[in-house]
């Protein structure tokens, strides 16, 4: 980081936060602090929803994922438009008409208090864990750039996010997200243009795409079905739909965003904007990772992208021969890549086939060396299952991007995470205060009392997230870890809301037991099988619904005599 | 408090009805998957 990078970084961050705090003036009631007084326009909500997902993890981990595994991760988002349509058609108007602060408040109107409490606790567990991961990511960025310990940078980032969130409430969070998304879009375009410009002059953009494709890095759609395969079109369409239904329909961190809308139409438009924009955006980010892969065909990358771990194994006796094999494999891959490009230009299909084979074989040798280096890290006392996926893009940014652009990209990563973290902490505080504190601890407080409680709860969840972040580095690829943690809990939440909206005779006790059964099924699947985590949401949801329906129709007295409307206000409780 | 005001619903700003907007989104999803499939097969 040079002085110009620091100037760009500090200016971008300070101006984003200052703008958010400026727009949050007057957040002096619970309604304004937690729901922005229901005054937000659709574009602010849309960009805020997008910014919440596009955290630092998106940049750090998704690009790394593409570098090592190709672009097939984009299929994970195929279920998003389907989920958005379902939510807009069903959930959004119901939540608006129910006039609730949280999604779980609605469950008490539809079922009973214990179902609301269980859903709230499940959310607090799940989102509390994810909030730690979100704060860990920019701490990782700063530790790589500054050379500071990850723990110190995580605490520093966490303190900044907590202060900002406690002061500003959801209005500050939303308006700063708008600024952040503008910076993010700019940063993405500049990153892609820069990596393409940095390619050798003999390699055109078309050649780069050819080389990325030949190495299997442009595998955006894979149609082969496998229960254990995380990313294919089927897991994306089915598992992804369930996950996003749960995320946008049952997760307060998202529900709270569109509850701030001034009308149902504004909330719907904000979600549908995401349905249209999210997949191309993820494709774009993954494509940057694929282009970084091509860049490193011509500039030798380090054997491991995490310098600290590379230093750890450098002194081992096994390292020199490994390094020699790595150098040879890199030279062979580079030679094969150039030969492949030449054969393609000459329209020599026989040579193209031959050089593609050479190129892929050299890539396999490099993969083998990197895998062995990771094992060496474990043997040398490093973390078990070590992976450097999260360091690939950072390493590229800090070494090769021009001065000024480095500061901008780092600002994008940090600012995005600040918004994601602040949104999560804000929603955790909302559920803790509205669904637990106001419901079970202190029922008759003044508005000012609950405003203060919300600020204290925000502080508590911020500290909790920072503490958990200390453990996050052991979870491998962050983008996968975040969604895996979510999938452990989302299925049972989704099942509960499916019962609320689609099965009007089901009552509270049956739903409560169904949720316990669903959560047990998910945990059993995670512990005892190798089924991919994307399917946890489907399994949990199906078990919740099946169990509740079985109880409803099998046990006398649990069925509602009259169908209960999904829109509350007129129906009986329990 | 959130319960103190009415929540208006409106028609979408394009395609006249929400049902048409939803259909448009699903058609868009099919098209984007087809484009990605073509992309994958072309550069495999």
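Here A:203, A:195 are screened, and the one residue that is surrounded by fewer than 20 Cβ atoms within 10 Å (Cβ to Cβ), in the same structural domain as residue A:62 (by TED's automatic domain parsing) and within 30 Å of residue A:356 (Cα to Cα) is A:203. The set of residues in the range B:1-32 that are assigned to a helix (DSSP H, G or I), at pLDDT below 90 and loosely packed, with under 11 Cβ neighbours inside 10 Å comprises B:3, B:4. Taken as a whole, the range A:429-448 holds at least one residue that is assigned to a helix (DSSP H, G or I) and farther than 25 Å from residue A:106 by Cβ.
From the list A:293, A:305, the one residue that fits, being out of contact with any strand residue (DSSP E or B) (no Cβ under 6 Å at 6 or more places or on another chain) and within 28 Å of residue A:129 (Cβ to Cβ), is A:305.
Taking the listed residues A:84, A:45, A:50, the one that is closer than 23 Å to residue A:277 by Cβ and touching a strand residue (DSSP E or B) at 6+ places or on another chain (Cβ under 7 Å) is A:45, with no other qualifying. Here the condition is being at pLDDT 90 or above and more than 14 Å from every other protein chain (Cβ to nearest Cβ); of A:276, A:292, A:341, it holds for A:292 alone. Could you tell me whether residue A:436 is over 30 Å from residue A:5 (Cβ atoms) and touching a residue at least 40 places away in the same chain (Cβ under 8 Å)? In short, yes.
Condition check ((1) in a helix (DSSP H, G or I); (2) surrounded by fewer than 18 Cβ atoms within 10 Å (Cβ to Cβ); (3) at negative phi; (4) modelled with pLDDT of 85 or more) across all residues:
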site: A:179; (1), (2), (3), (4): yes, no, yes, no
site: A:189; (1), (2), (3), (4): yes, yes, yes, yes
site: A:212; (1), (2), (3), (4): yes, no, yes, yes
site: A:224; (1), (2), (3), (4): no, yes, yes, no
site: A:239; (1), (2), (3), (4): yes, no, yes, no
site: A:244; (1), (2), (3), (4): yes, no, yes, yes
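Out of A:331, A:346, A:337, one residue alone is surrounded by 24 or more Cβ atoms within 10 Å (Cβ to Cβ) and assigned by TED's automatic domain parsing to the domain that holds residue A:374. It is A:337. Of all residues in the range A:210-226, those satisfying the criterion of being at the interface with another protein chain (Cβ under 8 Å from one of its Cβ atoms) and within 22 Å of the chain's Cα centre (by Cα) are A:218, A:219, A:220, A:221, A:222. Which residue out of A:392, A:414, A:425, A:434 is within 20 Å of residue A:62 (Cα to Cα) and assigned by TED's automatic domain parsing to the domain that holds residue A:7? Result: A:414 is the single residue among A:392, A:414, A:425, A:434 that is within 20 Å of residue A:62 (Cα to Cα) and assigned by TED's automatic domain parsing to the domain that holds residue A:7.
Restricting the first member to the range B:1-24 and to residues that are on the phi < 0 side of the Ramachandran plot and more than 8 Å from every other protein chain (Cβ to nearest Cβ), and the second to residues that are crowded, with 16+ Cβ neighbours inside 10 Å and modelled with pLDDT under 90, no beta-carbon pair is closer than 7 Å while six or more apart or on different chains. Restricting attention to the range A:41-81, the residues being surrounded by 24 or more Cβ atoms within 10 Å (Cβ to Cβ), within 14 Å of another protein chain (Cβ to nearest Cβ) and part of a loop (DSSP other than H, G, I, E, B) number 2. Of the residues making up the range B:30-44, those that are facing chain A (nearest Cβ under 7 Å) and closer than 16 Å to residue A:77 by Cβ number 6. Scanning the range A:161-180 turns up at least one residue that is over 15 Å from residue A:288 (Cα atoms), within 14 Å of another protein chain (Cβ to nearest Cβ) and in contact (Cβ under 8 Å) with a residue 40 or more places away in the chain.
The values are calculated or read from the model by the stated rules, or taken from the named source; none is laboratory data. Worth saying up front: this structure is predicted, and the values here are computed from it rather than measured. Positions of Cβ are backbone-derived with ideal geometry, glycine not excepted, and every protein chain shown enters the neighbour counts.
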